[in-house]
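J.: Take a look at this one; I'll ask things after.
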Amino acid sequence: GIRTRDITLFAFGGVSHMETTGVTAGQQALIAAAGPLASFAIAGVSALVASAVSGTGAQVAGYLAVVNVALALFNLLPSYPLDGGRVLHALVWKVSDNRIGATKFMSRFSNVIGALLMGFAVLLFFIGDFVGGIWLALIAWFVMGSARSEYAAEMLSGPLAHTATGDVMDGGGETVSPDERCSQTLQLLLRTQRRVAAVTQDGALAGIVSVSDFAKLRDRDPASVSVSEIMTPYAAVVSIAPKTSALEAFRRLAESGHAQLPVVDDDRCLRGFVTRETAMRVLRFAEEQQRVRAS
């Protein structure tokens, strides 16, 4: 299904973001069109308010109307990943029936748009409009850089979506029991140079204890406090199954804000961890594989 995540306000305007799993070309076009339509709607309401009131209120409403029209027009620029570019991408995708090919086309097309904008920026510099030239140059830089990033992400997402988390995870390392003293666990983390340790009981994951959890000790003696008192219990742990795709695992890792996610099977048995280092290693490898195929 489709899940619209948010509309992020960049320095130059809003761009609709979406989860792309299962999204068709037509659905992508509709989602992308929502951003500019929302801006036009806000501009229309603001214009009505400006005409109905007077004084400072009218000035503020008029300003909002102008700003939202400007945002909508900018986002209609046919450049990836702006909303106008996503609509054009959806059209190319629909006609060619090739999503990656459409993304590659839009990356190149966006570079052309960016080069044209950069040319206009240079022209503005020559006629003395330095502020406008700098602003347009920044837009051109944003357009070209974002298009390349989108294409790179598209190329990497396919292989990662078909790779199981269990095939890329790191080992779970040594485990500790809930009754172990905090002093012993801290020594274990320092010795193994790990940020987290799994707490297991009867072979099942009972919780996670990280370096930051030791702040809960406050003035208590670590040798007299059990790990169970400071750990994050299993019910509050964000975990992932071994058969889940690596792409989904990395997405959850980023959204959780944690440095690692435990990989746990149906019996709550710990299989390993997915960490930020795991993500970087796998992404570098996938990117290298894409370069080899392209050469």
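J.: Cα centroids of region 220-287 and region 55-102: how far apart, whole angstrom?
T.: 37
J.: Nearest 10 degrees, 0 to 90: what angle lies between the long axis of helix 83-96 and the longest principal axis of the chain (Cα atoms)?
T.: 80
J.: Rg/Rh for region 163-295: what does it come to with C-alpha atoms and Rh from Kirkwood? All intermediate terms of the calculation are to be shown ahead of the outcome.
T.: Values: Rg = 16.3 Å, Rh = 15.6 Å.
Expressed as Rg/Rh, it is 1.04.
J.: Percent of accessible area on the chain owned by carbon and sulfur, 1.4 Å probe? Write out the running numbers ahead of the final one.
T.: Working: 10030 of 16220 Å².
Taking all protein chains in place, the chain shows 62 percent carbon and sulfur surface.
J.: Right, here's the next one. Output the antiparallel fraction of DSSP beta bridges having both residues in the chain, as a percent to the nearest 5. Kindly include the intermediate steps, with their values, before the conclusion.
T.: Details: 22 of 25 bridges.
Taking every DSSP beta bridge with both residues in the chain, the antiparallel ones total about 90 percent.
J.: Just to make sure I understand: if all protein chains stay in place, what is the order of 126, 40, 250, 120 by accessible area at 1.4 Å, largest first?
T.: On the way: 126 175, 40 85, 250 25, 120 120 Å².
Result, largest first: 126, 120, 40, 250.
J.: Let me ask something else about it. In the chain, with Lys and Arg counted as +1 and Asp and Glu as -1 at Cβ, which of these residues, 48, 75, 161, has the Cα nearest the positive end of the dipole, that is, farthest along it?
T.: 75
J.: Let me ask you something else. Over the Cα atoms of the chain, what is the Rg over Rh ratio if Rh follows Kirkwood? The partial results should precede the final answer.
T.: Values: Rg = 25.4 Å, Rh = 22.9 Å.
Checking Rg against Rh, the ratio lands at 1.11.
J.: For residue 201 and residue 243, what does the FRET efficiency come to when R0 = 30 Å and r is the distance between their Cβ atoms, rounded to the nearest 0.05?
T.: On the way: r = 24 Å, r/R0 = 0.81.
Calculated transfer efficiency: 0.80.
J.: Another one. Roughly how tilted is helix 99-126, in degrees to the nearest 10 and between 0 and 90, from the longest Cα axis of the chain?
T.: Once rounded, one gets 60 degrees.
J.: Right, next: Accessible surface of residue 139 in the full protein assembly, 1.4 angstrom probe, to the nearest 10 Å²?
T.: Approximately 20 Å² for this residue.
J.: In what sequence, largest accessible area first, do 106, 231 appear using a 1.4 Å probe?
T.: Largest accessible area first, the list is 231, 106.
J.: At a probe size of 1.4 Å, how large is the accessible area of residue 271, to the nearest 10 Å²?
T.: In the full protein context, residue 271 sits at about 120 Å².
J.: Which whole-number value in Å² is the accessible area per residue of the chain, probe 1.4 Å? Write out the running numbers ahead of the final one.
T.: Values: 16220 Å² over 295 residues.
Value for the chain: 55 Å² per residue.
J.: If DNA, RNA and ligands are ignored and the probe is 1.4 Å, what is the ranking of 118, 144 by accessible area, most exposed first? Don't jump to the answer; show the numbers that get you there.
T.: Working: 118 65, 144 40 Å².
Per-residue accessible area, sorted high to low, gives 118, 144.
The values are calculated or read from the model by the stated rules, or taken from the named source; none is laboratory data. Because the structure is a prediction, the values reported are computed rather than measured. Virtual Cβ from ideal backbone geometry, glycine too; neighbours counted across all protein chains shown. Protein only, heavy atoms only, side chains kept; ligands, DNA and RNA dropped before computing areas. Shrake-Rupley method; radii C 1.70, N 1.55, O 1.52, S 1.80 Å.
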